[in-house]
Amino acid sequence: MKQIYNARVVSNERAVDNLFRLVVELDAPLYAMPGQFVQLKLPSNEFTLRRPFGIAAFDQNHLTMFYRIVGRGTEFLSTVGEGTQLDLLAPLGNRFNFNVEEKILLVGGGVGLAPLLSVARMFEGADALIGGKTAIEAELWRNEFNGAVDEMFIATDDGSLGAKGFVTELLPDVLARKNYNVILTCGPIVMMSRVASIAREKNIRCEVSMERRMACGLGACLSCSIDTVNGRRKVCKDGPIFDAREVLFDV
Amino acid sequence: MSDILSTELCGIKMNTPIVAASGTFGFGEEFEDFVDLNRLGAVAVKCITPKPRRGNDGNRIAETPSGMLNAIGLENPGIGLFIYDILPRLAKRNFNIIVNISGSSVEEFAQLARALDRDGVSAIELNISCPNVKDGGIIFGTDPKAAADVTAAAKRSTSKPIIVKLSPNVTDIVSIARAVVDAGADALSLINTLMGMQIDINSWRPTLGNVTGGLSGAAVKPVAVRMVYQVANAVDVPIIGMGGIRSVEDAVEFFLAGADVIAVGTANFSDPSSTMRIADGLESYLKSRGLNNISELVGKVKVSP
């Protein structure tokens, strides 16, 4: 059941550049599934809306999220200190769909890797294709995924770590090496759209984690509607995870 | 449940004088984990139009200082699906349902009002104030004659109470209020959103796909209180007051200004249980002032002559 938790900030640190790792301790146990998200209320009356964040890891009363500073809200969040009490609405949305016998490939770019981390940590044996702008960012994710996945492939924009280029350029090579049953992807829409079309060519099932501006997070306000082959769907409630063949990518 | 908050609006018995505002509360079900729907005075469900609407493209919301802009564009499943799929489901749940409707012509409003003259509907709210669609909505809400025509046509077509939701995007809201009351409106809702705009200074483009949107939230509250006060002093029908209510203190201002019932909108987004919190606070407030019922607060603002 969805509920409001009191979340005490355990740590809120800069991981690399403008990417932060936020760990909170909840006042009650949270039972979530990989792919779900939370809506965090910023502790200031200046903000009217909550901010949605993917769940990167959770165990009982602890929850880990990653965020990039992209606007006033995340800028403010980055100043929130240890011990601060936050109001957190969770768990929201649906989950990634797969069964444990399937060989999973996680494909993510940047902060989009956060929700994929929860898959890796909960179910052993997945592989991960990690994309980052720079070596320092890719290294962060390599460390986070280390030990949670079987094999890792890395691509950086400048080639300073792993292959040079986008994950989508490396993806066909990765797919040629093993038989994957399913690809789970999260990141920039251009990346996910390309991953989806490669998966389709290779006839591999693919699930995408969509992102839209949202207000309620409960399926009421319709701020986050997207076009799908099944008509308009809400990212917050029908998603954020969709079968890639369902989404009409507008890129 | 004590009677201190119980009230009546156009014959609808309400356990509290607190309504969930249309467009912010879905069909009510979405908030069941946080709200006892029967404790609400009513849920004004998402606006229904004759045909399904896909709504606007691009960004649909933007946060602003103490508020937000929205330009959803009345995305909804259409009256047919609402009546056959959604309403029967809602009717089982035992809460008052106000159906907010919008058409692109006087005749469409009348058709919708006729279609909703059925069990499970407590009242019909005419949305003549949506700033985010090109065909209808605010066109009817900014001209007293057009507003009166729509009201009269809807009123003739149904036995349900007709509530008219007024736009603040007018020079004189009192003249619109008088026109719709003379045309038969049973109650008024005010205010809808104030038309606004935000521009991204990096891309030089409007933030919203629809270019303009409706401003709501705490930022609009003083405008709303003023309009409720002016309209309450000019007409004799009950008023559902809304605009930026997030706390019991905000709600009390609206009752004092002349609202018989208040509605909570944008605050549902940051606190899904805000209506319940306001109900609890209102009960305490009334007791602390030695009042026996919410009606004793309505219109009691002291304005020296």
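A few points about this structure:
- Options B:GLU8, B:GLU29; residue that is surrounded by fewer than 20 Cβ atoms within 10 Å (Cβ to Cβ), within 14 Å of chain A (Cβ to nearest Cβ) and farther than 24 Å from B:GLY213 by Cβ: B:GLU29
- Scan of region B:235-292 for residues that are among the β-branched types (Val, Ile, Thr) and touching a Ser or Thr at 6+ places or on another chain (Cβ under 6 Å), ordered by number: B:ILE240, B:VAL264, B:THR266
- Test: residue in region B:88-100 that is within 10 Å of another protein chain (Cβ to nearest Cβ) and under 16 Å from the mean Cα position of the chain (by Cα): no
- In region B:70-84, the residue that is nearest to the chain's Cα centre (by Cα) out of those that are of a type outside the set (Phe, Trp, Tyr) and away from chain A (no Cβ under 14 Å) is B:ILE79.
- Residue within region B:75-92 that is closer than 19 Å to B:GLY213 by Cα, touching a Ser or Thr at 6+ places or on another chain (Cβ under 9 Å), modelled with pLDDT of 95 or more and not in a strand (DSSP E or B) present: yes
- Within region A:34-55, considering residues that are within 9 Å of chain B (Cβ to nearest Cβ) and not in a strand (DSSP E or B), the one nearest to the chain's Cα centre (by Cα): A:ARG50
- Meets criteria (within 13 Å of chain A (Cβ to nearest Cβ) and in contact (Cβ under 8 Å) with a residue 24 or more places away in the chain) for B:THR24: yes
Table: residues versus (1) touching a residue at least 60 places away in the same chain (Cβ under 8 Å); (2) of a type in the set (Phe, Trp, Tyr).
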{"residue": "A:GLY162", "(1), (2)": "no, no"}
{"residue": "A:LEU171", "(1), (2)": "yes, no"}
{"residue": "A:ALA176", "(1), (2)": "no, no"}
{"residue": "A:TYR180", "(1), (2)": "yes, yes"}
{"residue": "A:ILE198", "(1), (2)": "no, no"}
{"residue": "A:MET214", "(1), (2)": "yes, no"}
{"residue": "A:GLY217", "(1), (2)": "yes, no"}
{"residue": "A:ILE226", "(1), (2)": "no, no"}
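- Region B:39-66: number of residues that are in contact with a helix residue (DSSP H, G or I) (Cβ under 7 Å, 6 or more places away or on another chain) and either facing chain A (nearest Cβ under 9 Å) or touching a residue at least 40 places away in the same chain (Cβ under 8 Å) (or both): 10
- Selection status of B:GLY58, farther than 30 Å from B:ASN293 by Cα, surrounded by fewer than 17 Cβ atoms within 10 Å (Cβ to Cβ) and out of contact with any Lys or Arg (no Cβ under 7 Å at 6 or more places or on another chain): yes
- Counting only strands (runs of 3 or more DSSP E) that sit wholly inside region A:176-251, those with at least 2 residues that are more than 14 Å from every other protein chain (Cβ to nearest Cβ) are A:182-186, A:205-209, A:241-243.
- Condition check for B:VAL106: of a type in the set (A, V, I, L, M, F, W, C), under 19 Å from the mean Cα position of the chain (by Cα) and more than 9 Å from chain A (Cβ to nearest Cβ): no
- Test: residue in region A:56-65 that is assigned to a loop (DSSP other than H, G, I, E, B), under 16 Å from the mean Cα position of the chain (by Cα) and aliphatic (A, V, I, L, M): yes
- Per-region count, region A:195-232, residues among the charged types (D, E, K, R) and either touching a strand residue (DSSP E or B) at 6+ places or on another chain (Cβ under 6 Å) or buried (at least 20 other Cβ atoms within 10 Å of the Cβ) (or both): 5
The values are calculated or read from the model by the stated rules, or taken from the named source; none is laboratory data. A quick note: this is a predicted structure, and the numbers were derived from the prediction, not measured. We place every Cβ from the backbone using ideal geometry, glycine too, and count neighbours over all the protein chains shown.
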